[in-house]
Amino acid sequence: MGQIDRSSDRRLTERRVTPRIGVEIWAEELCGADVYFHRVTNLSRDGFFIEKKLPFQVGQTVNIRLDLPGSESKLDARSRVVNNYHDGYANLRGAGFQFTDMDVHTRRGIEAYIDQTHRKK
């Protein structure tokens, strides 16, 4: 079974409000002049999950740029790390993020992508 490292996160119950969808998209972490590429494997209107071997710091704020298929441009948002996840059986590590700030264009782009993906299933 997967284990969620909640040592720095006081939330012990699930707080996800909106459904998430499985995706295979790239995200850019913007850190000053540096850009780090990450693989996003699920997305919701409220947040996303990045697969990554090294953990993020819970509570860390990250500027992210999503490259959603069908979007005319990349979508920028601020997000906060809410947990680190490690599933030893599946050799999966990563972090869950919650969106904290985005403009209307980004919000609409994420919502349209999620709605379009849901219709295809």
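Determine the shape class of the stretch 47-102: with a ≥ b ≥ c the square roots of the Cα gyration tensor eigenvalues, call it rounded for a/c under 1.5, and otherwise prolate if a/b is greater than b/c, oblate otherwise. Note, shape of the stretch 47-102 comes out oblate. Along the stretch 33-46 the Karplus relation, 6.51 cos²θ - 1.76 cosθ + 1.60 evaluated at θ = phi - 60°, assigns HN-Hα couplings of 7, 8, 10, 10, 9, 9, 9, 8, 10, 8, 8, 9, 5, 9 Hz to successive residues, with x for each Gly and Pro. At the residue level, residue 46 shows approximately 60 square angstrom of accessible surface with a 1.4 angstrom probe and all protein chains present.
What the phi angles of the stretch 50-62 give under the Karplus curve with 6.51, -1.76 and 1.60, with θ = phi - 60°, is a coupling list of 10, 7, 7, 5, 8, x, 7, 7, 4, x, 4, 9, 10 Hz, glycine and proline written as x. Taking θ as phi - 60° and the Karplus parameters 6.51, -1.76 and 1.60, the scalar couplings of the stretch 91-106 work out to 6, 10, 9, x, 9, x, 10, 10, 5, 10, 7, 7, 7, 4, 4, 5 Hz in sequence order, x denoting glycine and proline.
Once the 1.4 Å probe is applied to the protein heavy atoms, the stretch 19-103 comes out at 54 Å² accessible per residue.
The values are calculated or read from the model by the stated rules, or taken from the named source; none is laboratory data. Keep in mind that this is a model prediction, so the values were computed, not measured. Heavy atoms of the whole protein, side chains included, go into the accessibility calculation; ligands, DNA and RNA do not. Shrake-Rupley method; radii C 1.70, N 1.55, O 1.52, S 1.80 Å.
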